[in-house]
1. In region 65-75, what residues are among the hydrophobic types (A, V, I, L, M, F, W, C) and either in contact (Cβ under 8 Å) with a residue 60 or more places away in the chain or closer than 14 Å to Ala30 by Cβ (or both)?
2. Of the residues that sit in region 32-64 and are in a helix (DSSP H, G or I) and without any contact (Cβ under 8 Å) to a residue 12 or more places away in the chain, which one is surrounded by the fewest Cβ atoms within 10 Å (Cβ to Cβ)?
3. So if I check each of Gly86, Gly63, which one is among the small types (Gly, Ala, Ser), out of contact with any Pro (no Cβ under 8 Å at 6 or more places or on another chain) and at pLDDT 95 or above?
Amino acid sequence: MKYWVIALGALLLGGCIEPANWSLIYVPSAKQADGPLSLHQFKMSDISGYYHTLEQCQLKGKGMITLNDDQGDYLCGLHCRTDDAGLLVCQQSQR
C-alpha cells in the first residue's frame, strides 16, 4: 500500500509541473539602434531565464533593460534547443 501512495503522489506531482516554453536572452552590451538581435549567434549558456509565457519573458527582458540604465537588448525564444554547432535554434523568437 505504501508503494501505491508514493507512485500515485509522484504521478500527480509530475502532472502539475509544466516545462518553461520561453527562453530569455538578455545582452547588456547590445544597442537597440544596431538592429534586432539574432538567435543564431547565441549558445545555451547565453540564456538568462526560462518562462512559461511570452508575456513573462518580455516583462523580464524589459525589466533587465530598466535595471541596466536603459542599456542592452533582449530576445525571447520559444522551445529553444541547440544545433550541431551548439548555437540556439528556436521555433519562434520575439522581442
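1. Ile65, Leu75
2. Here the residue is Ala33.
3. On the way: Gly86 fails: at pLDDT 95 or above.
Result of the check over Gly86, Gly63: Gly63.
This table checks each residue for (1) hydrophobic (A, V, I, L, M, F, W, C); (2) under 21 Å from Leu59 (Cβ atoms); (3) at pLDDT below 60; (4) touching a Phe, Trp or Tyr at 6+ places or on another chain (Cβ under 7 Å).
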residue	(1), (2), (3), (4)
Ala10	yes, no, yes, no
Pro19	no, yes, no, no
Leu24	yes, yes, no, yes
Ser29	no, no, no, no
Pro36	no, yes, no, no
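The values are calculated or read from the model by the stated rules, or taken from the named source; none is laboratory data. Treat the numbers as computed from the prediction; the structure is a model and nothing was measured. FYI the Cβ positions are ideal-geometry reconstructions off the backbone, even for glycines, and counts take in every protein chain you see.
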